[in-house]
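> Let me begin by handing over the structure; questions about it come next.
The values are calculated or read from the model by the stated rules, or taken from the named source; none is laboratory data. Just so it is clear, the model here is predicted, and its values are computed rather than measured. We place every Cβ from the backbone using ideal geometry, glycine too, and count neighbours over all the protein chains shown. Side chains are part of the model used for accessible areas, which takes the heavy atoms of the whole protein and leaves out ligands, DNA and RNA. Shrake-Rupley method; radii C 1.70, N 1.55, O 1.52, S 1.80 Å.
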Amino acid sequence: MYEPLRSLLIVGAVLFLTAVVYWPGLSGGFIFDDFPFIVENPAIRDLSGSTEAWLRAIFGFPVEHQGRWLGMLSFAVNAWLHGFQPFGFKALNLLIHLVNGLLVWVLVRRLLRLLHQTVDLPSLASEQEEAWVPILVASLWLVLPINLTAVLYVVQRLESLSNLFVLAGIATYLGWRMRFLSGGAGMSRGAGIVVFFSLLGGLVKESALLLPLYTAIIELVLLRQAGQREYRSRILRLYCLILGVPLVVGGVWFLGWSGGSNSYPRHFSTYERVLTESRVLFMYMEWTLLPLLSKLALFHDDITLSKSMFSPWTTCVAIAGHALLIGVALFSTRRLPLFSLGVLLFYSGHIMTGTVVPLEIVFEHRNYFPSIGLLLATSALLSELLQRLNALRLATVLVPMLFTYYAGITFMRSSEWGDPLLQASAEVARQPESERAINVFSYELLRLSGGKEDSPYYREAMEGFRRCAMIQGATITCDAALILEGAASNDADSQLIWQQIISKLELGTARYSDMYALSRLVDCFAAGNCVMGSASLGQALAVVRRLTPSNQLMLITSARFSYFIDHDDVAAEQFILEAIHRNPDDPRPLLWLATLRVLEGRLHEATAALDRAENLRAAFLLESEIQSLKKEIAVLRKNRLEAR
């Protein structure tokens, strides 16, 4: 059969099988960050057809995240078309994943052709390798179990969609690079491709801004080949600009953002994070290439932190292993260029999430792009081995076997994700010390109980919250759940839970989960659904404010507590004014100040606060709220005049 046609048919069959593997998971529900980003996000939940509403949705990402406008737009489109039915959101995620798989195949084909043109090695001159390696990498990548969360975890569309532009950018760049070798394209076009796709992907998620680094690594491997010396100076000048400017801008942004009011409060230091990530990267390699169902999970919040190079001792071993692997990759750029490229792409894919940025330690979706690097490196070693044994035909047996293994595990995980209770229980079974896994499972049981205290589901849910609250190093999320869901039925129970909450908060840095839990507790007390422990809630808020004095969420939560629960108007005003001072370009604190003024009957001052909010650049995001409050003020003024 004509080779390109056969390749297309195989790729088409793999895409179909991938859709079959993921199909059971499309019937699952929303989970974890899906709620603040999508389900509970007022900018998407209250979406109307107006231009203002669409702009609000685009800019409606949670306050602690940066950008991600195109991703938020895609969620809004889903909600506009079919409401909040998870199937549609997950189906679009799957479609994006299939397109990405096709792009991986195109990318690897072009990469091998480019290497064929620049590297004088018999192993790369093999037409057989040029045909089967792209299929191997793309087909295995499509069904890698570690990539499941980037497909069925709705909010991780941010990862898959941003990488769609990254993959398209690299494939386009490789096409330009082949034309550049033949004199058919100039340097400016190559630079334009990198910048355009980086910016486009960056509008979905900031990790797409690593695209220039990926193409630079490709050039690092290419320019080390003997026949590429004449291009080195021009390519190097290009990348001094493409990498230098973002590095300076990104460094300045990071220094201003880290530790600021919108940064991520964590319970570990930067030093501990970097050391721990050295072990995590080897876990990622294992979960990617040798996955076991028992080790794959949505949550890995139970991982042990590395406190020093020798605590645990595997930290030192891991760091030495990475140094060795990177050294071998750099040394092998001429002999095994595809292997070198794969290893370096894996590490570069983790340079943002696996180093100093204060993100959480482990998430599987972070391997969506780096896993391509691992597959490239593995396929290069496999190809070398089979050629030495003169047994390339074995690939026609080994690849389907590996595909079947990966697809089988992914299908089992997908089947779990298709049933919220099954998924939640499986997560707890695999991660019995995971606070988040137990919390999600307990809330799923609570949903099944219908809130009836005599239901066995309710009792099991409360037991889960209690077990979750006792995990060493846990946040106050599960403690708060016990209060919110009515488990504290008497003063003794309430006092015990509040003591534990305050003790946990006083131990160290308050995390965002702690802050969100306190915000929910304030809502509960303000609505009259929680009654025991309001003084303890005030004490807990004071502890968190001491730990994170500039955090806007805590300042506004404290203001709400002071006004609605503690009935202290002066304190509420002080907290809001502090939020305005620390976030002068954000119209939301001004809107809250205006609302407070209205509640106090100070209509002139409320109008002044709204006028200040309207003069800010981001005021259009709150236009409907501002106009609604202005109308309320007008009605109150009219009523006052009539009363006179």
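> With θ set to phi - 60°, apply the Karplus curve 6.51 cos²θ - 1.76 cosθ + 1.60 along segment 165-170 and write out the HN-Hα couplings as whole Hz, x wherever there is a Gly or Pro.
6, 5, 5, 5, x, 5
> Using the basic label-point model (7 angstrom from Cα toward the beta carbon), what is the residue 240 to residue 8 distance in nanometres?
4.5 nm
> What angle, in degrees between 0 and 90 and rounded to the nearest 10, separates the Cα long axis of helix 86-118 from the longest principal axis of the Cα atoms of the chain?
Its long axis makes an angle of about 30 degrees.
> Do any GluC sites (Glu not before Pro) in segment 516-615 lie in a DSSP loop with no more than 11 other beta carbon atoms within 10 Å, and if so, which?
Numbers: sites: 573, 578, 600, 605, 614; in loops: none.
Those that pass, being in a loop and sparsely packed, number zero.
> Give, as a single signed number, the net charge of other residues whose beta carbon lies under 11 Å from the beta carbon of residue 332, with Lys and Arg counted +1 and Asp and Glu -1.
On the way: positive: 224, 334, 335; negative: 384.
Around residue 332, the surrounding residues sum to +2.
> For the pair residue 80 and residue 632, what calculated FRET efficiency results from E = 1/(1 + (r/R0)^6), where r is the Cβ-Cβ distance and R0 = 41 Å, to the nearest 0.05? Each step should come with its number before you reach the end.
Numbers: r = 28 Å, r/R0 = 0.69.
Efficiency at R0 = 41 Å is approximately 0.90.
> Let me have the 222 nm mean residue ellipticity of the chain computed from DSSP H runs of 4+ only, each contributing -39500 (n - 2.57), with the sum over all residues rounded to the nearest 500. All intermediate terms of the calculation are to be shown ahead of the outcome.
Numbers: 28 runs with 436 residues, N = 644.
One gets -22500 deg cm²/dmol as the mean residue ellipticity at 222 nm.
> Please give, to one decimal in nm, the separation of the simple spin-label points placed at residue 582 and residue 567, each 7 Å out from Cα toward the Cβ.
Calculated label separation equals 2.8 nm.
> Sticking with this structure for a sec: Can you pull the percent of segment 533-627's accessible area that's carbon plus sulfur, 1.4 Å probe, other chains left in place?
Working: 2300 of 4350 Å².
C and S atoms contribute 53 percent here.
> How tilted is helix 232-257 with respect to the longest principal axis of the chain? Cα atoms for both, answer in degrees (0 to 90, nearest 10).
Rounded to the nearest ten degrees, it is 20.
> Answer with a single label: of (i) 35.6; (ii) 32.0; (iii) 38.2, which was calculated as mean projected area of the Cα convex hull in nm² from the structure in view?
Calculated mean projected area of the Cα convex hull in nm²: the matching label is (ii).
> Considering only protein heavy atoms, with the full assembly of protein chains and a 1.4 angstrom probe, order 419, 586 by accessible area, largest first.
Largest accessible area first, the list is 419, 586.
> Let me ask something additional. Quick one: if the Förster radius is 56 Å, what FRET efficiency do residue 600 and residue 311 give, using the C-beta to C-beta distance and rounding to 0.05? Intermediate values should be presented prior to the final figure.
On the way: r = 55 Å, r/R0 = 0.98.
Between residue 600 and residue 311 the formula returns 0.55.
> With r as the distance between the Cβ atoms of residue 220 and residue 283 and R0 = 22 Å, compute the FRET efficiency 1/(1 + (r/R0)^6) and round to 0.05.
Calculated value: 0.25.
> Follow-up. Probe of 1.4 angstrom, ligands and nucleic acids ignored: what's the accessible area per residue over the chain, in square angstrom?
Each residue of the chain exposes 44 Å² on average to a 1.4 Å probe.
> Moving on to the next point. Before anything else, pin down the relative contact order of the chain: Cα pairs under 8 Å, at least 6 apart, normalised by residue count, whole percent.
Working: 850 pairs, mean separation 84.0, N = 644.
Computed over the chain, the figure is 13 percent.
> Taking θ as phi - 60°, what are the ³J(HN,Hα) couplings along segment 300-312 by the Karplus curve (6.51, -1.76, 1.60), each to the nearest whole Hz, with x for Gly and Pro?
10, 7, 9, 5, 6, 6, 8, 8, 7, 4, 10, 9, x
> What residues from segment 305-331 fall in the zone where the backbone N is under 16 Å from a label point 7 Å along the Cα-to-C-beta line of residue 388?
Taking a point 7 Å out along Cα→Cβ of residue 388, the residues of segment 305-331 whose backbone N falls under 16 Å are 329.
> Please give the contour-minus-distance gain from residue 324 to residue 27: 0.36 nm per residue of separation, less the Cα-Cα distance, rounded to one decimal in nm.
Values: separation 297, 0.36 × 297 = 106.92 nm, distance 4.43 nm.
Difference between extended and current length: 102.5 nm.
> I'd like the Karplus ³J(HN,Hα) series for segment 290-298: coefficients 6.51, -1.76, 1.60, θ = phi - 60°, whole numbers in Hz, and an x wherever there's a Gly or Pro.
Result, ordered by residue: 10, x, 10, 4, 5, 9, 9, 7, 5 Hz.
> Positive end of the charge dipole of the chain (Lys, Arg +1 and Asp, Glu -1 on Cβ, about the Cα centre): tell me which of 464, 508, 78 has its Cα farthest that way.
Sorting the options by dipole projection puts first 78.
> Take residue 303, project a point 7 Å from its Cα along the Cβ direction, then tell me which residues of segment 369-386 have their backbone nitrogen under 19 Å from it.
Only 369-375 fall inside the zone, counting backbone N under 19 Å.
> Now a separate question. How far is it, in nm, from the label point at residue 55 to the one at residue 290 when both lie 7 Å from their Cα along the line to the Cβ?
It is 5.5 nm.
> Excluding residue 549 itself, what net charge comes from residues whose Cβ is under 12 Å from its Cβ, given Lys and Arg +1 and Asp and Glu -1? Working shown, then result.
Working: positive: 545, 546, 582; negative: 578.
For residues surrounding residue 549, the net value is +2.
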